[in-house]
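Novice: Starting off with a structure, shown below.
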């Protein structure tokens, strides 16, 4: 595998940066976004020395902010001895180039910071492939000077020979590497499909934890399973997915999966690269939407999560909202969630409310299944084995004519057992 291309902003000497945002009549939301960006920058290893916000009707297409604000930031760079600026939105190639020329400093955007964090957090082969793919697509769109002649290298007069520019060499390498990574991503998708098919045969329900970054998903899965997932009070502490078995109060088992946290303005390159992983959410039986109930921006975070799920076409998957961190001081009442099928308040840290949460999962799973009474002949031993693996059995009696079962069955098993239905 070729050497992974990375764009780390964190270096041995801690960078000092100024955060820059544009307020499009959002007021408090812009302030919250910059606070979040400060956390992202801190996670990436830099320190925020100042913030600058400009109120505008729209983002400046040429250099993100107005020229007056640019002069102010130029002074701030000197005053605070800053090594660069970080813009709260994804910059276009032209905006980045113009800002560099005008400010003569390092220019970064929210996307670059998030990609840097993901690059440092990816541990599994799958995670590394997906992050590198996102980084390369981001870089490719920012290589300057494409030009008509560039696209014709290798064909026609004046386009052959050793005169290939460094820029085009970089472009060609990136395109080739993206092709390799896309192929590896397809293999990941195929592998996930095989795992899904095996899981469907076993009939174990799959529950996925989703939520805003740092909502406490990893702490929750650790509290339920002793999974040992890294749980830090940092944004994107968990990147690679973890799946563990959990026993419900009725004795049946579910598979619980931890996923990467969502965030406002999540880079589209990242969503595309992680599509193979995120598409798993569409095949889950239930999504546990974990919300940091102690966060003052919790309503906005919930909105971001639901918008991301909609973009991934997962809005039809049933949701249970889990209001986490109730051990902290929280503002009541809790946000109203009209999308979720059910809700529960818990503290993953103290394990309070976890039993109640498992009961709600159990009840929702039961609602998907049909209650049936069947009398199975003793000759149907293999079908009985399948029932034990795929159905929730309420009662079982061995009678002279066969095995009587009171159970809850999914659609597939309901069809198989239709001819054995009995009253009592």
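Novice: Residues in the stretch 318-328: is at least one touching a strand residue (DSSP E or B) at 6+ places or on another chain (Cβ under 7 Å), under 28 Å from residue 363 (Cβ atoms), in contact (Cβ under 8 Å) with a residue 60 or more places away in the chain and assigned to a strand (DSSP E or B)?
Specialist: Here is the first cut: in the stretch 318-328, the residues touching a strand residue (DSSP E or B) at 6+ places or on another chain (Cβ under 7 Å) are 318-327.
Still in the list and also under 28 Å from residue 363 (Cβ atoms): 318-327.
Now drop any that are not in contact (Cβ under 8 Å) with a residue 60 or more places away in the chain, which leaves 322, 324-325.
Now narrow it down to the ones that are assigned to a strand (DSSP E or B): 322, 324.
Looking through the stretch 318-328, at least one residue is touching a strand residue (DSSP E or B) at 6+ places or on another chain (Cβ under 7 Å), under 28 Å from residue 363 (Cβ atoms), in contact (Cβ under 8 Å) with a residue 60 or more places away in the chain and assigned to a strand (DSSP E or B).
Novice: Let me ask another. Looking at (1) in a loop (DSSP other than H, G, I, E, B); (2) more than 22 Å from the chain's Cα centre (by Cα); (3) surrounded by 16 or more Cβ atoms within 10 Å (Cβ to Cβ), which one does residue 337 not meet, given that it meets all the others?
Specialist: Of everything listed in (1) in a loop (DSSP other than H, G, I, E, B); (2) more than 22 Å from the chain's Cα centre (by Cα); (3) surrounded by 16 or more Cβ atoms within 10 Å (Cβ to Cβ), residue 337 misses just condition (2).
Novice: Kindly indicate whether any position in the stretch 170-179 is assigned by TED's automatic domain parsing to the domain that holds residue 282, farther than 22 Å from residue 263 by Cα and modelled with pLDDT of 80 or more. Full working, then the answer.
Specialist: Within the stretch 170-179, the subset assigned by TED's automatic domain parsing to the domain that holds residue 282 is none.
No.
Novice: Mind listing whichever residues of the stretch 23-50 are in a strand (DSSP E or B) and under 12 Å from residue 86 (Cα atoms)?
Specialist: Here is the first cut: in the stretch 23-50, the residues in a strand (DSSP E or B) are 23, 47-50.
Matches in the stretch 23-50: 47, 48, 49, 50.
Novice: Taking the criterion of being touching a strand residue (DSSP E or B) at 6+ places or on another chain (Cβ under 6 Å), part of a loop (DSSP other than H, G, I, E, B) and at negative phi, would at least one residue in the stretch 295-315 satisfy it?
Specialist: no
Novice: Return the residue satisfying two criteria in turn: it lies in the stretch 309-324 and is crowded, with 20+ Cβ neighbours inside 10 Å and at pLDDT below 95, and of such residues it is nearest to the chain's Cα centre (by Cα).
Specialist: Step by step, filter the stretch 309-324, then rank; the result is 309.
Novice: Within the stretch 108-125, identify whether any single residue is surrounded by fewer than 21 Cβ atoms within 10 Å (Cβ to Cβ), in contact (Cβ under 8 Å) with a residue 12 or more places away in the chain and within 13 Å of residue 19 (Cα to Cα), and answer yes or no.
Specialist: The answer is no, given that none of the residues of the stretch 108-125 is surrounded by fewer than 21 Cβ atoms within 10 Å (Cβ to Cβ), in contact (Cβ under 8 Å) with a residue 12 or more places away in the chain and within 13 Å of residue 19 (Cα to Cα).
Novice: Tally up the residues in the stretch 196-234 that are in a loop (DSSP other than H, G, I, E, B), modelled with pLDDT under 85 and either surrounded by fewer than 21 Cβ atoms within 10 Å (Cβ to Cβ) or in contact with a strand residue (DSSP E or B) (Cβ under 9 Å, 6 or more places away or on another chain) (or both), please. Write out each step before concluding.
Specialist: Looking only at the stretch 196-234, we keep the residues that are in a loop (DSSP other than H, G, I, E, B), and these are 203-205, 213-216, 226-234.
Narrowing the set further to residues that are modelled with pLDDT under 85 leaves 203-204, 226-234.
Keeping just the survivors that are either surrounded by fewer than 21 Cβ atoms within 10 Å (Cβ to Cβ) or in contact with a strand residue (DSSP E or B) (Cβ under 9 Å, 6 or more places away or on another chain) (or both) gives 203-204, 226-230, 232-234.
Residues flagged as in a loop (DSSP other than H, G, I, E, B), modelled with pLDDT under 85 and either surrounded by fewer than 21 Cβ atoms within 10 Å (Cβ to Cβ) or in contact with a strand residue (DSSP E or B) (Cβ under 9 Å, 6 or more places away or on another chain) (or both) within the stretch 196-234 amount to 10.
Novice: Wholly within the stretch 345-424, which helices (runs of 4 or more DSSP H) include no fewer than the required count, namely at least 3 residues that are at pLDDT below 95 and either more than 37 Å from the chain's Cα centre (by Cα) or farther than 30 Å from residue 216 by Cβ (or both)? Spell out the reasoning first.
Specialist: Details: elements: 354-368, 381-390, 411-417.
Per the criteria, 381-390, 411-417.
Novice: Condition check: surrounded by fewer than 17 Cβ atoms within 10 Å (Cβ to Cβ) and under 11 Å from residue 19 (Cβ atoms). Does residue 82 satisfy that?
Specialist: Numbers: surrounded by fewer than 17 Cβ atoms within 10 Å (Cβ to Cβ): no; under 11 Å from residue 19 (Cβ atoms): yes.
So residue 82 fails the test.
Novice: Any chance you could count how many residues in the stretch 264-291 are within 12 Å of residue 211 (Cβ to Cβ) and either crowded, with 22+ Cβ neighbours inside 10 Å or assigned by TED's automatic domain parsing to the domain that holds residue 90 (or both)? If you could, list the steps in order and put the result at the bottom.
Specialist: We begin by selecting, within the stretch 264-291, every residue within 12 Å of residue 211 (Cβ to Cβ); these are 281, 287-291.
Restricting the remaining residues to those that are either crowded, with 22+ Cβ neighbours inside 10 Å or assigned by TED's automatic domain parsing to the domain that holds residue 90 (or both) gives 287-291.
Result for the stretch 264-291: 5.
The values are calculated or read from the model by the stated rules, or taken from the named source; none is laboratory data. Computed from a predicted model, the values in this text were never measured in an experiment. Backbone-built Cβ (ideal geometry, glycine too); neighbour counts: all protein chains shown.
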